[in-house]
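Reading through the structure tokens given below for one structure.
The values are calculated or read from the model by the stated rules, or taken from the named source; none is laboratory data. Bear in mind the structure is a predicted one, so any value in this text is a computation, not a measurement. Neighbour counts run over all protein chains shown; Cβ positions are idealised from the backbone, glycine included.
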Amino acid sequence: MFRGINLLCGLVYLSSLTSCGSTNFGSSNERTSPQKKEPADSGAKPVASPSPIPAIAPANDVYLGGMDQLFHLGDGNMSEDSDCYSEVLQHSLTGTKFTFEFELMADSPQVQIAIEKICGVDRSNNQLYLESNGSKLVDKMLKPNDKTALEILGQGTALKKGKYKLVIQSASMVAGFEGVVDFDDFIVGQIHIKSQNAQIVQGQILSE
Ligand SMILES: [Ca+2]
Ligand SMILES: [Ca+2]
């Protein structure tokens with residue numbers, strides 16, 4: 001599973017820039033458009049991640065992807081009054097769903113996980129979960145007031161040796177008069193994992 005990090009495929013970004021120029025999106029507003037049910041999962045395979053993702057050395061205190069990499073989720077279409085607009089624009093769009101894989105090399109009685117950088121969340125139904133062996137250990141929604149550090153696992157949470165996935169999915173909704181599907185655009189980064197005694201090995205960082 002953990003064979004390395006995929007490099008950026010620019011196709012996703014280029015196609016979204018093309019969409020940005022379409023007048024269909026002129027009325028999309030992440031704050032004021034009526035919210036509707038998300039469409040079913042497209043079943044897309046993981047294809048790319050932002051480039052280049054720095055490799056990190058295994059340690060018991062790591063930032064997945066390093067300290068400096070920020071990940072832009074969404075579709076690149078935002079109104080200027082959407083949260084954190086100018087900062088989100090500075091980061092290349094890479095997909096609507098991110099999976100951060102890591103492996104805990106031993107049982108640990110205390111593991112902490114936090115997303116220390118998050119900006120641009122306008123909707124209340126962006127999904128976040130921590131999964132291992134098909135079970136969701138944490139399952140929550142990213143909300144507009146999640147602006148600074150977001151605790152995923154608090155101090156004192158025990159985790160077993162094994163592979164884990166932290167998944168973040170941008171919320172979609174139908175916006176404007178033409179029924180265009182819009183995804184909430186926001187950035188996340190500084191995904192900080194600490195364990196009391198076990199080394200943490202970064203796996204792949206995937207986007208869809
Ligand atoms: Ca959007
Ligand atoms: Ca947003």
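Structure notes:
- Residues of region 96-117 that are outside any strand (DSSP E or B) and either within 11 Å of H192 (Cβ to Cβ) or under 20 Å from the mean Cα position of the chain (by Cα) (or both): T96 alone.
- In region 121-137, the residues that are more than 29 Å from S82 (Cβ to Cβ) form no Cβ pair under 7 Å with any partner that is within 16 Å of ligand 1 (Cβ to nearest atom) and charged (D, E, K, R), whether six or more places apart or across chains.
- Count of region 110-161 residues which are over 29 Å from G76 (Cβ atoms) and touching a Gly at 6+ places or on another chain (Cβ under 8 Å): 4
- Screening K140, K97 for residues that are surrounded by fewer than 21 Cβ atoms within 10 Å (Cβ to Cβ) and free of Cβ contacts under 8 Å to residues at least 40 places away in the same chain leaves exactly one candidate, K140.
- Cβ separations smaller than 9 Å between residues 6+ apart or across chains give the following pairs from region 179-194 residues that are within 22 Å of A149 (Cα to Cα) to residues that are of a type in the set (F, W, Y) and outside any strand (DSSP E or B): D185/Y85.
- Selection from region 180-199 of residues that are buried (at least 23 other Cβ atoms within 10 Å of the Cβ) and either away from ligand 1 (no atom under 16 Å from the Cβ) or β-branched (V, I, T) (or both): V188, I191, I193, S195
- Residue in region 191-206 that is of a type in the set (S, T, N, Q) and more than 18 Å from M105 (Cα to Cα) present: no
Let's see how each residue does on (1) farther than 20 Å from K147 by Cα; (2) modelled with pLDDT of 95 or more; (3) aliphatic (A, V, I, L, M):
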| site | (1), (2), (3) |
| --- | --- |
| P46 | yes, no, no |
| P54 | yes, no, no |
| M67 | no, no, yes |
| F71 | no, no, no |
| G74 | no, yes, no |
| Q90 | no, no, no |
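- The single condition from (1) modelled with pLDDT of 95 or more; (2) in contact with an Asp or Glu (Cβ under 9 Å, 6 or more places away or on another chain) that S79 fails is (1).
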